[in-house]
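The next block holds one structure in the form of structure tokens; read it before the comments.
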Amino acid sequence: MNNRLCQSTRGFAEAVNFPEAVLTGLAPDGGLYAHGELPVIKGLEGLLQQDNAGIMAEVTAALLPGFPKTDIINAVKDGLTERFGHPDITPLVKIGPAWVLELFHGPTLAFKDVALGVMPRLFLAAKRITGDASGSLILTATSGDTGKAALEGFSGLPGCDVCVFYPHGGVSPIQELQMRASTGDNVHVCAVRGNFDDTQRGVKHIFIEYSEGKPDMKGTKLSSANSINIGRLAPQAGYYFAAYAALLRQGAIKPGQAVDFAVPTGNFGNILAGWIAKRMGLPVGRLICASNENDVLTEFIHTGRYDRRRKFFKTDSPSMDILVSSNLERLLYWLSGNDSGLVAGLMEALAKDGVYEVPQGMRDAIALDFTAARCAGPEAIRVMRHVWMEYNYLLDPHTAVAWSGFEGNAGENPCVVLATASPYKFAPAVLHGIGLPAMEDPFDCVRALGDASGAEPPKGIMDLRNKGLRHNDVIDIDEMEPYVLNIARGKK
Ligand SMILES: *Cc1c(COP(=O)(O)O)cnc(C)c1O
């Protein structure tokens, strides 16, 4: 197996090098690009002594052979060190019995900023490395947070347009304002009448239709900023190592000691990065896969049966309102020993029948690394209130779901709860969670939350209030394809 090449999880597309995989996003056969063999970090002890920027660059470089190290170091410096509001980028704080890894100090206040700070710079490097001079259109479906992070990351990037589709009425008011106020000549934002799964399916359909560069794309190449892009996953593995290093520095663990991670999960990208970190040699114990009422992954991890034919719930943690978790496909590929025939069959069954079941051996392998937890709305509210009353700490509704998973599965190992969004981004739900009245206007809620906690709300959010809304399009699912073609042809 050539370690410098990416395989498609479905096996019908040619293997490509990593810069090409980052440029392409989805493989032409509908599969996801994946390592034939994941790299193992040599000299883990030395790595863990570096600062967080150094650790993230090192881990990203190990996962993306074919990119010069200097490109990756610069991407981390420009995209993270200089854009994040905390010197540690992703600080680790002790809150009661848990450790909370704050991933939300980036410009859009959600964890997507980590990967989408780094990825656009890798994208430019990939163009240079492959000698690709064509125009690019970054096509993205968002459940709320990826969209704004992609718009931030790719805004103004030469040779690239970025187009974000989000489910109409399916994101939080602040998330929607953030996206619709986006500036930059190369950014396009559009609401779709449907839920996130419809939107993601629409985008995947366009990728497959136009992957061979149909003539009417006028030479524009499509790529993705979603976690289907391998360039998204690589930087995310870095903060698992950074969290471990912080625990070592604070004397909370001994070298080699296993640490559990509780991860609020939607598309399975964040938690898969944790599993990749484990494969790379980080002493990870259990990965607690935490879901809201959309508990398709909870059932899957418990039974081996993935069944998307179920009611879809709109929750207070909208970034996890997902029934088809794309990145699970990569886990199935790796756990089956790269059995692309098996994966292609399962994905076909999912598309056709809405359900598949994995062989017992894979079920057992999944149970070794993952624990599943479900947290419904009232439980998330109990958690937000409890953590606020006991520890004077605000959890956003997504992080509350992860905290609940931690509480229900606390074992011997220290546990890190991944905090994926700033509480201010979901201020109305958080106010309700901690037992204060929520106002009509989301900005009043942000202010009230600031008053309650005695902290200044993040500037980026309050500034939104005075920004004009530049994007007003709302379309049906079947209008997505012509919408994209218009952008590609320069009409939009
Ligand atoms: C995207 C997102 C998640 C889910 O992450 P996945 O990688 O899709 O599993 C959880 N919380 C927040 C705040 C998010 O933005």
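Does any residue of the stretch 438-449 turn out to be within 23 Å of the chain's Cα centre (by Cα) and either outside any loop (DSSP other than H, G, I, E, B) or surrounded by 17 or more Cβ atoms within 10 Å (Cβ to Cβ) (or both)?
Within the stretch 438-449, the subset within 23 Å of the chain's Cα centre (by Cα) is none.
No: the stretch 438-449 contains no residue that is within 23 Å of the chain's Cα centre (by Cα) and either outside any loop (DSSP other than H, G, I, E, B) or surrounded by 17 or more Cβ atoms within 10 Å (Cβ to Cβ) (or both).
Within the stretch 119-146, the residues that satisfy the criterion of being within 15 Å of the ligand (Cβ to nearest atom) and over 21 Å from G490 (Cα atoms) are M119, T142, S143, G144, D145, T146. From the residues in the stretch 95-118 that are on the phi < 0 side of the Ramachandran plot and either among the polar types (S, T, N, Q) or more than 16 Å from the ligand (Cβ to nearest atom) (or both), which one is modelled with the lowest pLDDT? Within the stretch 95-118, the match that is modelled with the lowest pLDDT is T108. When each of G54, G79, G135, G117 is tested for being within 20 Å of I276 (Cβ to Cβ) and open to solvent by 10 Å² or more (accessible area, probe 1.4 Å), the lone residue that passes is G54.
Taken over the stretch 261-307, the criterion of being at positive phi and touching a Ser or Thr at 6+ places or on another chain (Cβ under 9 Å) is satisfied by F268 alone. Within the stretch 242-255, residues that are without any contact (Cβ under 8 Å) to a residue 40 or more places away in the chain have Cβ atoms under 8 Å from residues that are outside any helix (DSSP H, G or I) in no pair, counting only partners at least 6 apart in sequence or on another chain. Would you confirm whether or not the stretch 421-428 contains a residue that is touching a Pro at 6+ places or on another chain (Cβ under 7 Å) and open to solvent by 30 Å² or more (accessible area, probe 1.4 Å)? Checking the stretch 421-428: at least one residue is touching a Pro at 6+ places or on another chain (Cβ under 7 Å) and open to solvent by 30 Å² or more (accessible area, probe 1.4 Å).
Number of residues in the stretch 416-471 that are under 28 Å from T265 (Cα atoms) and touching a residue at least 40 places away in the same chain (Cβ under 8 Å): the value is 26.
Going by what's in this entry, would T60 be described as without any contact (Cβ under 8 Å) to a residue 12 or more places away in the chain and either open to solvent by 10 Å² or more (accessible area, probe 1.4 Å) or not in a loop (DSSP other than H, G, I, E, B) (or both)? For T60, the condition - without any contact (Cβ under 8 Å) to a residue 12 or more places away in the chain and either open to solvent by 10 Å² or more (accessible area, probe 1.4 Å) or not in a loop (DSSP other than H, G, I, E, B) (or both) - is not met.
Summed over the stretch 370-408, residues that are open to solvent by 10 Å² or more (accessible area, probe 1.4 Å) and in contact with a Lys or Arg (Cβ under 7 Å, 6 or more places away or on another chain) total 1. On the basis of being farther than 20 Å from C415 by Cβ and open to solvent by 10 Å² or more (accessible area, probe 1.4 Å), does R309 make the cut? Considered against the rule, which asks whether it is farther than 20 Å from C415 by Cβ and open to solvent by 10 Å² or more (accessible area, probe 1.4 Å), R309 comes out as yes.
Let's see how each residue does on (1) within 29 Å of N413 (Cα to Cα); (2) out of contact with any Phe, Trp or Tyr (no Cβ under 9 Å at 6 or more places or on another chain):
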position	(1), (2)
K314	no, yes
L323	no, no
L328	yes, no
Y333	yes, yes
D353	no, yes
F370	yes, no
R374	yes, yes
R385	yes, yes
W388	yes, yes
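Could you tell me which residue of the stretch 450-464 is nearest to L431 (Cα to Cα), considering only residues that are within 26 Å of the chain's Cα centre (by Cα) and surrounded by 13 or more Cβ atoms within 10 Å (Cβ to Cβ)? Talk me through it step by step, then tell me what you get.
If we filter the stretch 450-464 for residues that are within 26 Å of the chain's Cα centre (by Cα), which is where we start, we get 457-464.
Now restrict to residues that are surrounded by 13 or more Cβ atoms within 10 Å (Cβ to Cβ): 457-458, 460-462, 464.
Numbers: P457: 14, P458: 16, G460: 19, I461: 16, M462: 17, L464: 20 Å.
Taking the candidates together, the pick is P457.
Can you pull out the residues in the stretch 147-156 that are within 14 Å of K425 (Cβ to Cβ) and either β-branched (V, I, T) or away from the ligand (no atom under 12 Å from the Cβ) (or both)? Let's see the steps before the verdict.
First, pick out the residues of the stretch 147-156 that are within 14 Å of K425 (Cβ to Cβ): 147-149, 152.
Scanning the stretch 147-156 gives a single hit, E152.
Those helices (runs of 4 or more DSSP H) of the stretch 294-367 in which at least 2 residues are within 16 Å of the ligand (Cβ to nearest atom), considering only elements entirely within it, cover 296-303, 328-335.
The values are calculated or read from the model by the stated rules, or taken from the named source; none is laboratory data. Everything numeric in this text was worked out from a predicted model, so none of it was measured. Cβ atoms come from the backbone with ideal geometry, glycine included; neighbour counts cover every protein chain shown. Keep in mind that these areas ignore ligands, DNA and RNA; they rest on the heavy atoms of the full protein, side chains included. Shrake-Rupley method; radii C 1.70, N 1.55, O 1.52, S 1.80 Å.
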